[in-house]
Structures are given as C-alpha cells and as structure tokens.
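Step one of this worksheet: look at the structure below.
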Amino acid sequence: VVKFRRTGESSRSDEDGISGEHEVQIEGVRPELEPVELGDGAAVPKEFANPTDDTFMVEDAVEAIGFGKFQWKLSVITGLAWANAMEMMILSILAPQLHCEWRLPSWQVALLTSVVFVGMMSSSTLWGNISDQYGRKTGLKISVLWTLYYGILSGFAPIYSWILVLRGLVGFGIGGVPQSVTLYAEFLPMKARAKCILLIEVFWALGTVFEVLLAVVVMPTLGWRWLLILSALPLLLFAGLCFWLPESARYDVLSGNQEKALATLKRIATENGAPMPLGKLVISRQEDRGKMRDLFTPHFRWTTLLLWFIWFSNAFSYYGLVLLTTELFQAGDVCSISSRRQEVKAKCSLTCEYLTEEDYTDLLWTTLSEFPGVLVTLWIIDRIGRKKTMALSFLVFSFCSLLLFLCIGRNVLTVLLFIARAFISGGFQAAYVYTPEVYPTATRALGLGTCSGMARVGALITPFIAQVMLESSVYLTLVVYSGCCLLAALASCFLPIETKGRGLQESSHKEWGQEMVGRGSHSPGESQE
C-alpha cells in the first residue's frame, strides 16, 4: 500500500479535502514494510527525500537539506556583523576618557551614551520594514555599511558636538544589524535553529572581549581616536564578504520570486551535498509585507506587547549592568559609593578618574561571563523551552542584584556581577531565538525590528539610572533593576506561544504553525497561491 497526499493546484473531491490522503493497493508488493528511523540531526536519505509529494515548501527543503557547509559559512559572515558589540562596549570605555580629556560634566557623558541608543531606537523599526519590503540581505548590507562609515568618521571628531552627532548616526546603523538574525534563522532547520542562533551570539561576546583587549593595548599608546577606528574592523571584514550572502529563500517565495528562491535552495543543497526535495516549489505570494497592523492581529497582539516589555527589560538591565560595573569597580563596593560620591562633589563637579589597569582586568572578567551565559542557555533552551529560559534568566539576575545590597568585598562583587551578566545576556539570547520563531516571514523582520526598538528605549533610559540615580541612592538603583527583571520573568511566563519544536510560519494570512500541521489541512477550495 502506497500512501500519498495530493497537494498543489490539483482538484480534489470533498472526501479528499477532509484527510488529503489516499491509499492505493499495488499487486505483488509486500505490504509489511519496515519503518526506517533516523538518528537525531541525521539527513534524510536521498531515496526518501519527499518521495510522494508533487509540491514542496521552503520549510520542507530546509529540513530535507539539513545543516552543513553552507550554514557554517553563513554563521561566520553574519557573525561578523553581529560583532558590532564592539561599538556598544566602547561606550563604557570612551565615556570616562572623554570626561577627563574634554572636561565634560556628567550629564554630557550620559548624553554621549544615550544618543547612540536614540539612533538605534529610531531606526530599528525602519530597518525591519526595509528588510520585509526589499529583502533581508539588502537591509543588512545597508545598515552595516552605514555603521562602518560613521564609526570610522567618529574617530576624527574635533569637538564634543561632532562626536555626539556621529555616534548618533552610528547608533542609527546599529539598529539594523539584528536583521542578521532574521536572515540566519530562515536558513536553519528546526532542530538546529536554537543552538545556531545562540552560537552566533558568541560573536557578540567575542566582540565585547576583543574591545576590552583592544582598549588595553590602544588607549595608553594611540588614544581613543584609534580605538574608534580599529573597532570597525569586523564590519569592514563583513563588507568585503557580504557579496557571498544569498537572499532569504523564504523572502523570495513570499515576494513571488520562485526562480530565485529555487536557485538559492539548489545552491545550499549542492554546498551541503544533500538532495533537493522532488516536485515543484510552492509560491505563497503576499504583497502587504512588513505592516505594523499584522503585529496586532488577535493571534499576535498579546505576544507583541509582552515581547516589547521583555526586550525593554533585557536591554535596560544588560546595559545598566555594563555601566554599573564601571561605577562599582571604581568605588570598590556598593557601600563605598555614597561616600565616594560626596568626596567627588566636594572636590569639583568635573573631577574625573581614568580607568586603571585593574579596572580593565575586572571589566574583562565580567565581559567573559557572556560565554558561560551562552553555554547555560544552550543547554537549557531545548530542554525547558524558550519561555522558561527567559524567565529563569531574569530571576537569577534579579536575585544577584539584591545580593549587591550587602557590603561585600571586590572579589565577591566581581563574582556576583559575573553571574548576573551571564544570565541577563543568556536571557537576551533566548529572546533573539524566540522572536524570529514566533512571527511569520511576512512580518518577521518588522517584529524583530520593533522589539529591538523597544530594547533601545530601555538602553536609552538606563544611563540616567545607572549613572545619575546612582549618585542619589545606590540601593534605589538596585531595586529598580531587580523589580524590572521580576516583572519581565512574569511576562515571559505569560507568553501565549511556546516555539520549541515548531517550524517557521510563512504567511501572516495563515494560522500560526499551520505548516507544521501539514498541507493536507487546507480547506478543499483553498488555493496554494
């Protein structure tokens, strides 16, 4: 008995529409066929690659081709764009340096950090819309080249107002770099998706570590201008390699470009040495892509609002901890901050302190915490799910923040900051896995872009908590961060959709997860177009 499913544009009877499956008895064929089981992550054998369907979707092709050489290359190239963490980490190094060199008051130092996040906040949704309308590759290339250009120019800024404008423009470009996750996720098979997106986050951690090491070498000799210029190196490498990047096959199918999508899938199959599914690629063209209203349909409204708060809390806490780390290390411990602040005010409002070698060393140790953060998240995200992983990360960060209330020594302080940063960065990484999975292809880039924009709102506010409020009360500052993360943990638990083990949805016109239910679930009269 051969079991098969009718798909595509062929006509069906009413009975066909119910199950979509047929049985045909073939004489002379042994009916007792043994099932074939595949191991975890094993590729589908060529003789079993979609043997009976006359059509296939991009999801089918990505799953059949599996993970291979193509995805490894893609990981490295998109990872270079993701190493723009250097442009973020430089803020905690540049601020005290310019405070001393240009005699800047504290509000101008805080503004220098905030203007970068203003640029990111104002552009994240725009880059998402561009990526949904004109392609993921187009949006990513333009944003990276923009960031590279203004990042290098900021190294030549003669006065404060110039560097303020140029760093704001750098922030505008950085707002589009998260679209590398959208492009990357759309080429990954389901079983490998979470692990691979988390592993690409390693480039973020590598970028932060490299920035601290670069600062140790460059700052004492060449100064902050060369640090700004050399920090653009990963983006320069990406600009040279981006010609290799293909456009997302999912985007091409949704925009009606069947031939280009098929050519991309064949290229991946060739590089991976895997078979293409048999049959014709199904086109599900959708003109109204990247529309904000699609994020607030009944299926996604609650998810969108909760994700916005989760992303806000992630960035608010993550960048707050980065800025607090510098302040706490310079003070010695929490209990010393208040007295230290009073002494500084008594001396002069413009008194400054350069970062010492010990500060750089401790900054490096806390930065290295992002690697165990990746490993912990990697271990638990496919075991307990995306929602619980985010909730756990927020709870651990909140607990560590409360422990800072105690008068502890520098060593214990470093350990607590290490753990807190590991888990809040892990929560951020889990959000980057969950968000592209939960939205359909038609609004995936926009959904990620708006979430990224909300994150920048949190990052914009956090300097005034971690630097300005800290002058008034260190305990109130810690309560704000701890309370915010407790609420974010609750928001993670209330998310209505768990994406663990689910395929990526293609069109926003279909029910969520319909692709995983099967194409036989279409109504009898429904067209595949």
Notebook entry, point to check: Working from the pairwise distances between different alpha carbons, so that the mean of 1/r is found and then inverted, what is region 53-284's Kirkwood radius in Å?
Noted result: 19.0 Å
Notebook entry, point to check: In terms of solvent-accessible area of protein heavy atoms at a 1.4 angstrom probe, what is the ranking of Phe494, Phe210, Phe371, highest value first?
Noted result: Phe494, Phe210, Phe371
Check: Once phi is turned into θ = phi - 60°, what whole-Hz ³J(HN,Hα) does the Karplus curve with 6.51, -1.76 and 1.60 give for every residue of region 374-381, x standing for Gly and Pro?
Finding: 5, 5, 5, 5, 4, 6, 9, 5
Item checked: region 435-512: GluC sites (Glu not before Pro) falling in loop per DSSP and having at most 13 other Cβ within 10 Å -> Glu511
Next item on the list: Apply 1/(1 + (r/R0)^6) to the Cβ-Cβ distance of Leu487 and Trp302, taking R0 = 22 Å, and write down the FRET efficiency to the nearest 0.05.
Entry: 0.90
Item checked: J(HN,Hα) series, region 148-158, from Karplus relation 6.51 cos²θ - 1.76 cosθ + 1.60, nearest Hz, glycine and proline x -> 4, 4, 6, x, 5, 4, 5, x, 10, 5, x
Next item on the list: Multiply the residue gap between Arg225 and Gln258 by 0.36 nm, knock off their C-alpha separation, and tell me the result in nm, one decimal place.
Entry: 7.1 nm
Next item on the list: Can you send over the solvent-accessible area of Trp102, 1.4 Å probe, protein chains only, in Å² to the nearest 10?
Entry: 60 Å²
Note to self: Here is the link list: Lys69/Lys141; Lys69/Lys191; Lys141/Lys291. Which ones come out longer than 19 Å on Cα distance?
What the structure shows: Lys69/Lys141; Lys141/Lys291
Next item on the list: Would you mind checking which residues have amide H under 5 Å from Phe56's amide H? H placed 1.01 Å from N; only 5 or more apart, or other chain.
Entry: Lys280, Leu281, Val282
Item checked: Cβ-Cβ FRET estimate between Ile497 and Arg103, R0 fixed at 35 Å, reported to 0.05 -> 0.10
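The values are calculated or read from the model by the stated rules, or taken from the named source; none is laboratory data. Model, not experiment: these values are computed from the prediction. Backbone-built Cβ (ideal geometry, glycine too); neighbour counts: all protein chains shown. Just the protein is used for accessible areas: all its heavy atoms, side chains included, with ligands, DNA and RNA removed. Shrake-Rupley method; radii C 1.70, N 1.55, O 1.52, S 1.80 Å.
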